[in-house]
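What follows is calculated from the coordinates using simple rules that are stated; it is not laboratory data. Every value quoted in this text rests on a predicted model; they were computed, and no experiment measured them. Reconstructed Cβ throughout: ideal geometry from the backbone, glycine too, with neighbour counts over all protein chains shown.
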Amino acid sequence: MSTADQVRAFRGMTRAGTRSVLIYRGDLITGAVALVIQVVLAIAVWRIVYSGRGPVDGVDARTAVAYAAIAACLQSVLLPWQFSTLPMRIRNGQIATDLTRPLGLIWQVFGQNLGVLLGRLPLGAIGLAVAAVLGALTLPPGWAAGLLSLVATVGGALVAMLCNLIVSMVTFWTFEVSGPLMVYRFGSAFLSGSLIPLWFMPGWLRGSVEWLPFQAQVYTPVSIYLGQTRGGQALALVGVQLVWVVLSTVLLELVWRRARYRVVVQGG
Amino acid sequence: MAVIEAADLVKEFSRPAVLEGRLPRLRGLFSTKRDITRAVNGVNFEVEPGELVGYLGPNGAGKSTTIKMLTGILTPTSGVCRVAGLEPSRDRARNARNIGVVFGQRTQLWYDLPLRDSFEVLSDLYNLDRTTYRKRVGLFTELLDLSAFLDTPVRSLSLGQRMRGDLVAAMLHEPSILFLDEPTVGLDVVAKARLTEFIAETNRSDGTTVVLTTHDMEDVERLCQRIIVIDSGTVLYDGDLSRLKERFMPYRFLVLTLAERSIRRVADIPSATEVEPSAVGTVLPYPDRSVVLRFDPREVTTPELIARASQVYQVDELSIVDPRLTDVISQLYDGLLT
């Protein structure tokens, strides 16, 4: 199959993913309402925390508030733990039909996930708009930082999707993945910095978080956007993202190579 | 040249062994012992292009496992299978372009999306150009009467509608080989007839090779010239449908409807045995006036038997009935296993 064919097949899967998000309007509206509430609350709480105080650990009130709002929006688009249906498809045997398609399973899942992400973009936009109206958004320190934070957002999304896929693959061995997924969910929500900015974590935790793939998902793009991480340091963080993308791609390929011989189809 | 080949095909599944003795479940957590089941145990067959083959066997015989190896879903433990010259599990994506697959138990359609959207995604997956895509969907919409529900989400379709959608999904890219795993399971008589008619037509007009697994012997009698019967993972029979009947149920039935005033008596007719009317499997119009004789055509010719019977009975009507495939198959399953 030529590359052009594969690209078209991938785009088809992406389209299916986006459509399956957009078709549930009620779900999207609920998601938007929840995100708006989350953004409003986060802004209010951080403003109270900072009321009458100067910068904490070198982070001023405007930055902390903006971080909370942007991180919440980014997270709701990325949903770093939820958008793969792979574990369910392995468990109920639906995987059989996926394996009869002319596109590799990984690319199918990846295309579908990307589509879901694109379908959820309007949600993030609504959240950001609300934050802007409340005066919680700040501009990046310069064009370069703005651009780099965009690159880092894409990098963060890639790392999130790859990690998610690797954890989902465990289902081929265990048929039950809610345990590992729960750990992963906690890990990604807390350690990616989407709940609390990583600046406020104790030194020992900070040190270990830097060795994990989570900070690349949310913290890296947001802190570059806010100018908390600049210049060489910012480039280094994007470099770390790249390393995670490469590492997790290799790991995913290894896991999948073994998994494809483990395929057992449930339910006849 | 054969388009599908299976040579000494074996598939084993292993799962954690169920332990016996004390605290079996607790010890099971730490045990590495595994039970191995052989679902397919050395299957051999070849299918020529354009054949329509019924692949039959009782539940758990290994039918679906074979199909899953031929479609590239499962990797054989040993042995080889080739489909259109490719090894499906090694060349899964390329194999996918040659084949169409329907699993009656599950759908390949996108559950949340309208049926039409699934077709569009498939046209991307198989890289169909716009004209071909429109032509194929138009054709199938007409043949299978899809227009009423093309824009309905798949989750709201009835089983019969969904099956028709699935069949189209499997055939959109004009595969030369179709694997149909219980495509009529759970369908009503009308939906089933429509589907089998469509399958037969596809096989006839496009020369599509079809491998069909089913428990429905009516489907088989309507569709298949050749059948392969497997059980416990091995082939029990491979050949003509009619020869199967000769071999495993060599007899036929002579059904007599006696004249109203004819006295019904126990008669001894040479070379024939009187059996319960239910043995023929069809509803007889006058059960209380019917006599059913089972005979072996190799021992007595039909006219001869009719002549003998009319000497004993005063007959109004008579007919010859062949044994049903269902009975042949259950005979086959029973007989060869015990």
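Of everything in segment A:91-125 that is more than 14 Å from every other protein chain (Cβ to nearest Cβ) and surrounded by fewer than 20 Cβ atoms within 10 Å (Cβ to Cβ), the residue that is nearest to B:Gln108 (Cα to Cα) is A:Leu118.
Scanning segment B:196-213 for residues that are outside any helix (DSSP H, G or I) and in contact with a strand residue (DSSP E or B) (Cβ under 7 Å, 6 or more places away or on another chain) turns up B:Thr208, B:Thr209, B:Val210, B:Val211, B:Leu212, B:Thr213.
Each residue in segment B:74-95 was checked for being buried (at least 24 other Cβ atoms within 10 Å of the Cβ) and facing chain A (nearest Cβ under 9 Å), and 1 of them qualify. Restricting the first member to segment A:242-257 and to residues that are touching a residue at least 40 places away in the same chain (Cβ under 8 Å) and under 23 Å from A:Thr153 (Cβ atoms), and the second to residues that are in a helix (DSSP H, G or I) and of a type outside the set (A, V, I, L, M, F, W, C), the beta-carbon pairs closer than 8 Å and six or more apart or on different chains are A:Leu242/A:Gly155; A:Val245/A:Gly155.
If you go through segment A:77-89 one residue at a time, do you hit one that is surrounded by fewer than 21 Cβ atoms within 10 Å (Cβ to Cβ), in contact with a helix residue (DSSP H, G or I) (Cβ under 6 Å, 6 or more places away or on another chain) and assigned to a loop (DSSP other than H, G, I, E, B)? Yes, segment A:77-89 contains at least one residue that is surrounded by fewer than 21 Cβ atoms within 10 Å (Cβ to Cβ), in contact with a helix residue (DSSP H, G or I) (Cβ under 6 Å, 6 or more places away or on another chain) and assigned to a loop (DSSP other than H, G, I, E, B). Consider segment B:186-209 and keep the residues that are within 16 Å of B:Glu221 (Cα to Cα) and of a type in the set (A, V, I, L, M). The one that is surrounded by the fewest Cβ atoms within 10 Å (Cβ to Cβ) is B:Val189.
Considering each residue of segment B:49-68, count those that are within 11 Å of another protein chain (Cβ to nearest Cβ) and either assigned to a helix (DSSP H, G or I) or over 30 Å from B:Ser330 (Cα atoms) (or both), and give that number. So the count comes out to 5. Residue count for segment B:172-185 satisfying the condition of being surrounded by fewer than 20 Cβ atoms within 10 Å (Cβ to Cβ) and of a type in the set (A, V, I, L, M, F, W, C): 1. Condition test on A:Ala72, is it in contact with a helix residue (DSSP H, G or I) (Cβ under 8 Å, 6 or more places away or on another chain), surrounded by fewer than 23 Cβ atoms within 10 Å (Cβ to Cβ) and either in a helix (DSSP H, G or I) or within 14 Å of chain B (Cβ to nearest Cβ) (or both)? Spelling it out, it is not the case that A:Ala72 is in contact with a helix residue (DSSP H, G or I) (Cβ under 8 Å, 6 or more places away or on another chain), surrounded by fewer than 23 Cβ atoms within 10 Å (Cβ to Cβ) and either in a helix (DSSP H, G or I) or within 14 Å of chain B (Cβ to nearest Cβ) (or both). Collect the residues in segment B:142-160 that are of a type outside the set (Asp, Glu) and touching a residue at least 24 places away in the same chain (Cβ under 8 Å), keeping them in residue-number order. Matches in segment B:142-160: B:Leu143, B:Leu144, B:Leu146, B:Phe149, B:Leu150, B:Thr152, B:Pro153, B:Val154, B:Arg155, B:Leu157, B:Leu159, B:Gly160.
Restricting attention to segment B:106-156, the residues that are part of a helix (DSSP H, G or I) and more than 22 Å from A:Thr97 (Cα to Cα) add up to 13. Filtered by the rule that a residue be under 19 Å from the mean Cα position of the chain (by Cα) and either surrounded by fewer than 16 Cβ atoms within 10 Å (Cβ to Cβ) or within 12 Å of another protein chain (Cβ to nearest Cβ) (or both), segment A:28-56 gives a lone residue, A:Ala34.
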